[in-house]
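K.L.:
Before I ask anything, let me first share the structure, which is written out below as structure tokens.
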Amino acid sequence: MEPNGTAVVTGASRGIGRAVAIELAARGFDTIATMRDPAAGAGLEGVRVEKLDVTDPSTISLPDGLRVLVNNAGVESDNEPLEHMPRESWERLFATNVFGLVEVTRRAVPLMRAAGGGVICNVTSSSTLAPVPFLGTYRASKAAVTAIGESLAAEVAQFGIRVIEIMPGPIETDMLTASDRPPVAAEHSEYRELANRLWEGRQGIRDQYTPANEAARRIVDAICDDDGPLRYGCDDLSEGMLAGWNATDNARWVGGMLKSMS
Ligand SMILES: NC(=O)c1ccc[n+]([C@@H]2O[C@H](COP(=O)([O-])OP(=O)(O)OC[C@H]3O[C@@H](n4cnc5c(N)ncnc54)[C@H](OP(=O)(O)O)[C@@H]3O)[C@@H](O)[C@H]2O)c1
């Protein structure tokens, strides 16, 4: 796709979304950086800042001529074992990561169709490729988006709309910082040893933390990659994981990881 026309990014107040909005504008897209609190857009140059809370349909207004939608807004929770994860956490994550994304996307489809096509870019997570303990709620919300994206891709290809999925690894944002501590699961004696081992493993990927602007560069490359695949990483770790996943029988890939954790 040529870098022109209107692009909308959700959750562009900070982190990956903000960096993607800046990168889209730099490439030539007329970019709308949307966020819950537009005051957070102060300092963003070359983009329009608009309010959009994906969980509040009354704030969702997309422009005519929409060519690119980046569904980036996302939340996570404390990483608890499934037996301790409160129902409210499931509901909060799904409200934003799944139902919010669906609400924005269903309004984008007719606008993109009218504009002659475009790209819907869903930001999920490379964690869905690994059976990471205590991450079931977050991973489930992202895996739901994987399934939604696949079906949507099949529905809207006929309109010239490409649906892609970005599966980030560890990108240096507030979300990564918040998760960069021993898992809350360690507070439960039955899970302490596993949580501690997980934390030790985390130390081994620190050198692969990737700046948000580098991830954004790869994300916008993927958006412009007309004949590209459905799924992309946006950092060395996620690109490696995706290559491993693609090259291996999936059951063996997950099975091998489960073995290394037990
Ligand atoms: N960083 C990573 O390592 C990583 C890895 C895998 C996947 N991801 C995914 O990448 C995406 C961006 O994450 P990030 O690391 O940039 O996280 P972040 O720094 O925590 O930023 C999250 C963004 O989402 C916005 N948001 C949250 N709830 C929203 C809502 N209801 N409506 C609109 N915006 C909302 C936040 O807005 P406020 O400022 O208003 O809170 C913020 O702009 C997420 O989908 C995340 O799951 C990140």
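K.L.:
If we only count strands (runs of 3 or more DSSP E) wholly inside segment 1-111, which ones have 2 or more residues that are within 22 Å of THR146 (Cα to Cα)?
P.N.:
So the answer is 6-9, 66-71.
K.L.:
Could you give me the residue pairs with C-beta distances under 8 Å whose first residue belongs to segment 86-102 and is within 13 Å of the ligand (Cβ to nearest atom), whose second residue is aromatic (Phe, Trp, Tyr) wherever it lies, and which are 6+ apart or on separate chains?
P.N.:
LEU93/TYR138; ASN97/TYR138
K.L.:
So VAL109 passes all but one of these: (1) open to solvent by less than 40 Å² (accessible area, probe 1.4 Å); (2) in contact with a Gly (Cβ under 7 Å, 6 or more places away or on another chain); (3) hydrophobic (A, V, I, L, M, F, W, C); (4) more than 16 Å from the ligand (Cβ to nearest atom). Which condition number does it fail?
P.N.:
(2)
K.L.:
Oh, and also: Can you find, within segment 154-194, the residue that is nearest to the ligand (Cβ to nearest atom) among those that are open to solvent by less than 50 Å² (accessible area, probe 1.4 Å) and among the hydroxyl-bearing types (Ser, Thr, Tyr)?
P.N.:
THR173
K.L.:
Answer yes if at least one residue in segment 184-192 is within 17 Å of the chain's Cα centre (by Cα) and at negative phi, and no otherwise.
P.N.:
Within segment 184-192 (the criterion being within 17 Å of the chain's Cα centre (by Cα) and at negative phi), the answer is no, since none of the residues qualifies.
K.L.:
Taking the stated definitions as given, is ALA140 more than 16 Å from LEU230 (Cβ to Cβ) and assigned to a helix (DSSP H, G or I)?
P.N.:
Considered against the rule, which asks whether it is more than 16 Å from LEU230 (Cβ to Cβ) and assigned to a helix (DSSP H, G or I), ALA140 comes out as yes.
K.L.:
Okay, moving on. So, restricting to helices (runs of 4 or more DSSP H) that lie completely within segment 202-262, which ones have at least 2 residues that are surrounded by fewer than 13 Cβ atoms within 10 Å (Cβ to Cβ)?
P.N.:
Answer list for segment 202-262: 236-247, 250-261.
K.L.:
Another one. Do we have LEU62 as closer than 22 Å to CYS224 by Cβ and within 16 Å of the chain's Cα centre (by Cα) here?
P.N.:
The answer is no for LEU62.
K.L.:
Restricted to segment 141-165, and to residues that are among the β-branched types (Val, Ile, Thr) and closer than 21 Å to ALA95 by Cβ, which residue is farthest from the chain's Cα centre (by Cα)?
P.N.:
It comes out as ILE148.
Quick grid of which residues meet (1) exposed (fewer than 15 other Cβ atoms within 10 Å of the Cβ); (2) within 20 Å of the chain's Cα centre (by Cα); (3) at pLDDT below 95:
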{"residue": "GLU2", "(1), (2), (3)": "yes, no, yes"}
{"residue": "ALA7", "(1), (2), (3)": "no, yes, no"}
{"residue": "ILE32", "(1), (2), (3)": "no, yes, no"}
{"residue": "VAL68", "(1), (2), (3)": "no, yes, no"}
{"residue": "ASN71", "(1), (2), (3)": "no, yes, no"}
{"residue": "GLY74", "(1), (2), (3)": "no, yes, no"}
{"residue": "GLU83", "(1), (2), (3)": "yes, no, no"}
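K.L.:
Now, a different point. Hey, among the residues in segment 34-58 that are of a type in the set (Ser, Thr, Tyr) and near the ligand (Cβ under 8 Å from one of its atoms), which one's surrounded by the most Cβ atoms within 10 Å (Cβ to Cβ)?
P.N.:
Selected residue: THR34.
K.L.:
Between a first residue in segment 204-215 that is without any contact (Cβ under 8 Å) to a residue 40 or more places away in the chain and a second residue that is open to solvent by 60 Å² or more (accessible area, probe 1.4 Å), which pairs have beta carbons less than 7 Å apart while being 6 or more apart in sequence or on different chains?
P.N.:
GLN208/ASP236; TYR209/GLU172
K.L.:
From the set of residues in segment 11-28 that are out of contact with any helix residue (DSSP H, G or I) (no Cβ under 8 Å at 6 or more places or on another chain) and more than 7 Å from the ligand (Cβ to nearest atom), which is nearest to LYS51 (Cα to Cα)?
P.N.:
So the residue we want is ALA21.
K.L.:
If you scan segment 85-94, which residues turn out to be over 14 Å from the mean Cα position of the chain (by Cα) and open to solvent by 40 Å² or more (accessible area, probe 1.4 Å)?
P.N.:
PRO86, ARG87, GLU88, TRP90, GLU91, ARG92, listed by residue number.
K.L.:
Here's another thing I want to ask about it. So the check is Cβ under 6 Å with 6+ separation or different chains; which pairs have a first residue in segment 57-74 that's closer than 18 Å to PRO168 by Cβ and a second one that's crowded, with 24+ Cβ neighbours inside 10 Å and basic (Lys, Arg)?
P.N.:
Cβ pairs passing all conditions: none.
K.L.:
Looking only at segment 132-153, how many residues end up being more than 10 Å from the ligand (Cβ to nearest atom) and among the hydroxyl-bearing types (Ser, Thr, Tyr)?
P.N.:
Of the residues in that region, 3 qualify.
The values are calculated or read from the model by the stated rules, or taken from the named source; none is laboratory data. All of these numbers come straight from a predicted model, not from anything done at the bench. Positions of Cβ are generated from backbone atoms using ideal geometry, with glycine treated the same way; all protein chains shown enter the neighbour counts. To get the accessible areas, we keep the full protein, side chains included, count just its heavy atoms, and leave off ligands, DNA and RNA. Shrake-Rupley method; radii C 1.70, N 1.55, O 1.52, S 1.80 Å.
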